[in-house]
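Participant: Dumping the structure here so I can ask a few things about it.
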Amino acid sequence: MRKAITAGAFALVAAAGCLVFAPAASAAPDACVTSTLTTSAYEGTGGTHVKKSASSSCSDLNLTYVNDTTVYGYDGYAGRLYHSSTGTWKTCDAGYIWLYDGSYAVDSELLCTDVSDNTTFTVASAANGGDTVHVVH
């Protein structure tokens, strides 16, 4: 009986030695924020204005959904950033991205990259304004 108890105790000690304890999970950054906007006309600023999220882990403006209100079913979309130092709006380097109505994966259609927190932005349509878009930021 003693041999069985000793063998069992040894097995428990050996098994305990194989346990790996995971470190406590660290806080992950907040997820990206999605905003629904109505577009302005070409190079315009009349659409919905949104501030880039300061709590988001995303630094880009990702176009993830477009719905063109014209009969075409596609349009060109450009991110536009407000530069408070000069009081002007500038179209992002990506220019106009031409897309059919529908949904797109995050990081596949980048309107603007490396956008600073709290920067005001809008989206312009090449053909006309009034389209609905979702921007993940």
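Throughout, read-outs are computed from the coordinates displayed, never taken from laboratory work. Since we're looking at a predicted model, the values are computed, not measured. Here Cβ is always computed from backbone atoms with ideal geometry, including for glycine, and neighbour counts include all displayed protein chains.
Participant: Step through the residues of the range 35-43 one at a time and calculate ³J(HN,Hα) from phi using the Karplus curve (6.51 cos²θ - 1.76 cosθ + 1.60, θ = phi - 60°), rounding each to whole Hz and writing x for Gly and Pro.
Facilitator: 10, 9, 10, 9, 6, 8, 6, 3, 6
Participant: Please give, to one decimal in nm, the separation of the simple spin-label points placed at Ser56 and Asp101, each 7 Å out from Cα toward the Cβ.
Facilitator: 2.5
Participant: Still on this structure, please answer the following. Could you tell me whether the range 38-132 comes out rounded, prolate or oblate from its Cα gyration tensor? Rule is a ≥ b ≥ c as square roots of the eigenvalues, rounded for a/c under 1.5, then prolate if a/b exceeds b/c, otherwise oblate.
Facilitator: Details: a/c = 2.04, a/b = 1.33, b/c = 1.54.
Oblate.
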